Structure formats: structure tokens, C-alpha cells
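J.: Below: one structure in C-alpha cells.
The values are calculated or read from the model by the stated rules, or taken from the named source; none is laboratory data. Quantities reported herein were computed from a predicted structural model and do not represent experimental measurements. Cβ atoms come from the backbone with ideal geometry, glycine included; neighbour counts cover every protein chain shown.
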Ligand SMILES: [Zn+2]
């Protein structure tokens, strides 16, 4: 990339400061709450008009039949593409357009997009409408600075990342939208902060464990078999053997925060015995020995671990309890799993983004891996595209919190980084 192009890009980004702010505010003011999935069409229509004016060809794609899609809450996605003057690589920016519920504790209008001290406030400001706006401005600035480029730029705004991405990126990946023949580089502008490149995420395995008992009168528990006590044995065994074992496993992946560098297991829920009564029920519960108890486990595993071994560890523990505990019986059901993924540090999108961060911020990029998953899982597994990172403005800790905000200067810097990545990959 020439120094002249670099200067032109910096000027084009600076000239778009007000446009970047206005775009971010407009996006925040469309409350795309998920669940249930509100205003997905509205935000896609808004972006379609914007990107068509910038010369993109836009498609609106409904993830018909996908998990979560219905006529009341259709799962709309937008894919916009603009072609260069000659063949070359395609750089794709993928943002999710959905936001999580507002929750309590706000001191501002969650959909007001108020500005104060260089910050824009609102649900989704950081996760991730600020990143989406930065990528749109980056593309517009690059197109103005370098109309004669090779390859193509794609921008997508997709549904349902917050609820698994099945009506969003997974659907598009199944349609071949992320095939390596079509798209060569992907940046997901999630709020990892403007100086960090997120290479991937740990793996996930969710399962439900049920212990079985026999119902009887609570005054004569010896005539029944208490499933809750059996589950107590499971929890005691986890404390004694499984948690200490997981704490010894460390990954070489640069996972943040530090505590997530080890294998972890959370018990997301526990339930045993009679169902909880409705709020308006004023009576007492009935005395019964619980005949079943269930927990949902959320195991996050490392790239060095093997999923079948992760599962065997838990079933092995349950089998040990079975041999030691008379009448112990259980069932285990898989709910969901995602393989860990980590893009190579030498991958073109990683090297190019790291170099651009150094140019814009004057410091080296940091490499991180996310403790939880995001849409990269679908691009990697269904799309078979490995040259993918998350990079965008915003402070990750603010995601899903009250008074969520994104810094205007951070958005400008990331937009410049993204535009320089386009220049490096497409202007040659
Ligand atoms: Zn997000």
C-alpha cells in the first residue's frame, strides 16, 4: 500500500466522523431485541438503503424454517456486495444486528443513543452496532479513497447471534455464503477492543444429567428412592474429583480473562421434585419423594482436549457412582456442542489486521481467544473458512450490561484499521 493511499484513507475516515456517529445512533434506535427477534426487517431495510446508495448490491435473506424463524418474528439477514474493477479476494465484514434484552439498572434511554463525553449510549452500542457502523464507514471510506480496486467487499448484518446464530450466520453458511471460493477473508467486528485480535474461542458441550428415583409419601421416604439425594452424590463427586481435575488443565490458547485459560464447568440449572408452584398459589407443597432430578451442565473445553474424552470423563464419573451407590440410576443427554476454533496467527487476515493496528495505534496488536463462542463457529465449521477473526471497537465487559456504550474515538480508530486492511488486501 502506498503512503498516499494511507493518507487518503485517514482523511476519508476523518471526514466521516459525523456520519459514523449518526449511523451508530440510527442503528441503536432500531430496537432489534432478541428474544423474540424484533425489527429485524426494519434494520435490514435501513442498511439496504444506506449500502445501495454507496454502490453495493444488496440481498435480504430470510432464514426460512431456521430455529427461531416464524411469520410473527421472521429472521431477516442482509448481505451486501460490491465488486472491484478486476478479479481478486473478497473481504467480508459480518456483524449481528440483534441485541439482548434491556434489563434493569439503566440511567439512560436504552434506545435513545444519547451522546456524552465522546460515548454513545444504548443497548447494542458496543455489542455490536458500533462495530457494524465502523465497518460500513470503513468500506465507504476505502471506496472513496480507492475506487479502482481488485476483488470484492461484502458486508452482512445477521440475525440471532445472541441466541446461537442459527437464523443468521449458520443459515447463510449453509447456503454457501462463506464458501472459501466465494469469500477469502472475514472480520467479525465484535467488541474485542481496537487493539486486540480475537483468533477464536473455546469449545462448548451442554448436557442434561438426570438421576432417577421412585415416588413415595414424604413421611415414609424409605418406601421410595430420592432422586435429589442421588444428584447430591453426583455433585459431591464433581466437587471431589472433576472440578480439581479441570483446574489442572491449561491451554496454550491466549484466552481472556485469565480464569478461562483452564477447562471450566458450570451447572446452569438444577431441578428435582415437584414443579415450583405458580406465583398466585397460596397453598403448601405436597409431601413426595422426588422421582427425578436434573441438572444442565455447561462444559467449556480447550483446543488441546478431545470432545469424546470430555464426555467420557463425565460418564466415567457417573459409572463410578453407580458401582458405589445402590439403586443409583441415571441418564445423560447431549444438548449442544461447538468445537473450539483458533485461526492461525500467520493467516492473511490476522497478519494484515495486526499490521494495520500498529499503523493506526502505534502499538503492537494483542492476540486473544474468547471464553465463549460467537458466530465464527458457523463460518469455521459450516462455511469451512478458516481465515476469520473478530476485531472491532468497544469494551467486551460492557456487553449485555446496563448503560452500555461505545467510544466514538475507538470506532474511528477501528474503522481506519478496517479500511487499511481493505487497502492492503484489495488495492495491490
Ligand atoms: Zn455480539
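J.: Check 75, 108 and return the single one that is touching a residue at least 24 places away in the same chain (Cβ under 8 Å), assigned by TED's automatic domain parsing to the domain that holds residue 28 and surrounded by fewer than 17 Cβ atoms within 10 Å (Cβ to Cβ). Give the steps one after another, and end with the answer.
T.: Details: 75 fails: surrounded by fewer than 17 Cβ atoms within 10 Å (Cβ to Cβ).
Answer to the check: 108.
J.: Can you tell me which condition residue 198 does not meet? The list is (1) assigned to a loop (DSSP other than H, G, I, E, B); (2) out of contact with any helix residue (DSSP H, G or I) (no Cβ under 7 Å at 6 or more places or on another chain); (3) within 16 Å of the ligand (Cβ to nearest atom), and all the others hold.
T.: Unmet for residue 198, out of (1) assigned to a loop (DSSP other than H, G, I, E, B); (2) out of contact with any helix residue (DSSP H, G or I) (no Cβ under 7 Å at 6 or more places or on another chain); (3) within 16 Å of the ligand (Cβ to nearest atom): (1).
J.: Would you mind finding the one in 192, 172, 199, 223 that is modelled with pLDDT under 95 and on the phi < 0 side of the Ramachandran plot?
T.: Working: 172 fails: modelled with pLDDT under 95; 199 fails: modelled with pLDDT under 95; 223 fails: modelled with pLDDT under 95.
Of 192, 172, 199, 223, the one residue that is modelled with pLDDT under 95 and on the phi < 0 side of the Ramachandran plot is 192.
J.: Restricting attention to the stretch 390-428, which residues are more than 17 Å from the chain's Cα centre (by Cα) and not in a helix (DSSP H, G or I)?
T.: Of all residues in the stretch 390-428, those more than 17 Å from the chain's Cα centre (by Cα) come to 402-403, 405-428.
Listed by number, the residues that qualify are 402, 403, 405, 406, 407, 427, 428.
J.: Pairs only if they're at least six apart or on different chains, beta carbon under 6 angstrom, first in the stretch 157-185 and more than 20 Å from residue 128 (Cα to Cα), second modelled with pLDDT of 95 or more and part of a strand (DSSP E or B); list them, first residue then second.
T.: Between residues of the stretch 157-185 that are more than 20 Å from residue 128 (Cα to Cα) and residues that are modelled with pLDDT of 95 or more and part of a strand (DSSP E or B), the close pairs are 183/90; 183/92; 184/89; 184/90.
J.: Now a separate question. Quick check on the stretch 78-105: of everything there that is over 22 Å from the mean Cα position of the chain (by Cα) and buried (at least 16 other Cβ atoms within 10 Å of the Cβ), which residue is nearest to residue 162 (Cα to Cα)?
T.: 81
J.: Consider only pairs whose beta carbons are under 6 Å apart and that are at least six residues apart or on different chains; among these, list those whose first residue lies in the stretch 230-241 and is in the same structural domain as residue 325 (by TED's automatic domain parsing) and touching a residue at least 24 places away in the same chain (Cβ under 8 Å) and whose second residue is assigned to a helix (DSSP H, G or I) and crowded, with 16+ Cβ neighbours inside 10 Å.
T.: Pairs that qualify, where the first residue is in the same structural domain as residue 325 (by TED's automatic domain parsing) and touching a residue at least 24 places away in the same chain (Cβ under 8 Å) and the partner is assigned to a helix (DSSP H, G or I) and crowded, with 16+ Cβ neighbours inside 10 Å, are 233/321; 237/317; 237/321.
J.: Counting only residues that are more than 16 Å from the ligand (Cβ to nearest atom), assigned to a loop (DSSP other than H, G, I, E, B) and in contact with a strand residue (DSSP E or B) (Cβ under 9 Å, 6 or more places away or on another chain), how many does the stretch 172-193 have? Please lay out each step first, then the result.
T.: Of the residues in the stretch 172-193, the ones more than 16 Å from the ligand (Cβ to nearest atom) are 172-185.
Still in the running and assigned to a loop (DSSP other than H, G, I, E, B): 175-184.
Okay, now just the ones that are also in contact with a strand residue (DSSP E or B) (Cβ under 9 Å, 6 or more places away or on another chain), so 175, 177-178, 182-184.
Of the residues in that region, 6 qualify.
J.: When you go through 403, 410, 344, 337 one by one, which is the residue that is touching a residue at least 24 places away in the same chain (Cβ under 8 Å) and at positive phi?
T.: The match here is 403.
J.: Report whether or not residue 380 is away from the ligand (no atom under 16 Å from the Cβ) and on the phi > 0 side of the Ramachandran plot. Even if it seems obvious, please write down each step before you answer.
T.: Details: away from the ligand (no atom under 16 Å from the Cβ): yes; on the phi > 0 side of the Ramachandran plot: no.
Criteria not met by residue 380.
J.: Given the residues 250, 292, which is the only one that is surrounded by fewer than 18 Cβ atoms within 10 Å (Cβ to Cβ) and not assigned by TED's automatic domain parsing to the domain that holds residue 369?
T.: On the way: 292 fails: surrounded by fewer than 18 Cβ atoms within 10 Å (Cβ to Cβ).
That would be 250, the only listed residue that is surrounded by fewer than 18 Cβ atoms within 10 Å (Cβ to Cβ) and not assigned by TED's automatic domain parsing to the domain that holds residue 369.
J.: Shifting gears a bit: Examine the stretch 239-247 for a residue that is surrounded by 15 or more Cβ atoms within 10 Å (Cβ to Cβ) and touching a strand residue (DSSP E or B) at 6+ places or on another chain (Cβ under 9 Å), and state whether such a residue exists.
T.: So in the stretch 239-247, the residues surrounded by 15 or more Cβ atoms within 10 Å (Cβ to Cβ) come out as 242, 246.
Then keep just the ones that are touching a strand residue (DSSP E or B) at 6+ places or on another chain (Cβ under 9 Å); that gives 242, 246.
There is at least one residue in the stretch 239-247 that is surrounded by 15 or more Cβ atoms within 10 Å (Cβ to Cβ) and touching a strand residue (DSSP E or B) at 6+ places or on another chain (Cβ under 9 Å).
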